Amino acid sequence: MIRPLLLALALLPPTAAAAADPLVFDTRRGVVSNSQALFDAAARADVVFVGELHDDKDAHRLELDLLRALADRGRPVVLVMEMFERDVQPALDAYAARTTTEAEMLATTRPWSNYKEDYRPLLEFARERGWPVVAGNIPRPLASKIARQGLAALDVPPAAERAQAAAEFRCADGVYRDKFLAEMGQMAGHGGKGPRPDLGRMFESQCAKDETMSESAAARLTPGATVVQLNGAFHSDEGLGVVERLKRRRPDAQALTVSITKGATPSPARRALGDFVVWTP
């Protein structure tokens, strides 16, 4: 079913192809689908994890389309963003309440370098509708400290700093750890030097991010609303990372995982990345 659709897209004139619906695969049904079906499923979910490539502008357009679609369907949203860290939540709240300017907010929230082009439209859309925007991530200095010292670093910070990370951590061996080590180029005996001992601490830092983001999402689950969490695809692909940690905290929550990936030819191996997999040009 995928090959004829790709051929049809290729035959479209450039302007029409650019406006065409993205190629969407519904993993649950095992069929090529469309963005409207994805949006309908999102409106029925308690939490939607959107895994992105941070520099993929098509992914950010799809995220904005998702927010618009949820608004059109009368579904309130809580927007949880990896791109902001917990300690800047007061600044985001003040901006949402219109007691500070955008310049003042940006001066204190450490926005990513592509904020203006890629994330500002999402935050502004949420702000105009009065939707909460949640700084979901652990502060970078604390994550870096864990990468250097391991989770034991959390025993040292003052209480106020410790509160910026999740209260509970689980960082066991398993599929996610193996996937992380492989992603980092870790293979036993690689280059004849064996495993790098610091990768274990780096994985603990990854766990700290996942635990904190999933706790941030779980805390904002509200009946009748959808939590939309934006994060790098690795954090949520295959239902691992933040997804499995959210389900541990809230096993009753209906979670939907969306993975936005690139590639002209959809690979069957990548269909397992999420409940919906979206290919951008």
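Numbers below:
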read-out: Among (1) over 26 Å from PHE276 (Cα atoms); (2) in contact (Cβ under 8 Å) with a residue 24 or more places away in the chain, the one test that PRO121 misses; value: (1)
read-out: Meets criteria (within 22 Å of VAL243 (Cα to Cα) and in a helix (DSSP H, G or I)) for LEU92; value: no
read-out: Unmet criterion (only one of (1) at pLDDT 95 or above; (2) buried (at least 18 other Cβ atoms within 10 Å of the Cβ); (3) assigned to a helix (DSSP H, G or I)) for ALA166; value: (3)
read-out: Output for segment 30-82, where each listed residue is closer than 22 Å to THR222 by Cβ and part of a strand (DSSP E or B); value: VAL47, VAL48, PHE49, VAL50, VAL77, VAL78, LEU79, VAL80, MET81, GLU82
read-out: Residue satisfying all of: in segment 227-272; among the basic types (Lys, Arg) and part of a helix (DSSP H, G or I); surrounded by the fewest Cβ atoms within 10 Å (Cβ to Cβ) among these; value: ARG248
read-out: Tally of residues being part of a helix (DSSP H, G or I) and surrounded by 14 or more Cβ atoms within 10 Å (Cβ to Cβ) across segment 95-123; value: 13
read-out: Test set (1) of a type outside the set (A, V, I, L, M, F, W, C); (2) at positive phi; (3) part of a strand (DSSP E or B) - GLY224 fails condition number; value: (3)
read-out: Qualifying residues in segment 52-86 (those that are touching a Lys or Arg at 6+ places or on another chain (Cβ under 7 Å) and surrounded by fewer than 21 Cβ atoms within 10 Å (Cβ to Cβ)) - the one farthest from VAL243 (Cα to Cα); value: ALA71
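Quick grid of which residues meet (1) polar (S, T, N, Q); (2) at pLDDT below 95:
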| site | (1), (2) |
| --- | --- |
| ALA37 | no, no |
| ASP40 | no, no |
| ASP55 | no, yes |
| ARG75 | no, no |
| ALA96 | no, no |
| THR100 | yes, no |
| ALA107 | no, no |
| ASN114 | yes, no |
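The values are calculated or read from the model by the stated rules, or taken from the named source; none is laboratory data. Here the structure is a predicted model, which is why all the values come from computation and not from measurement. Cβ atoms come from the backbone with ideal geometry, glycine included; neighbour counts cover every protein chain shown.
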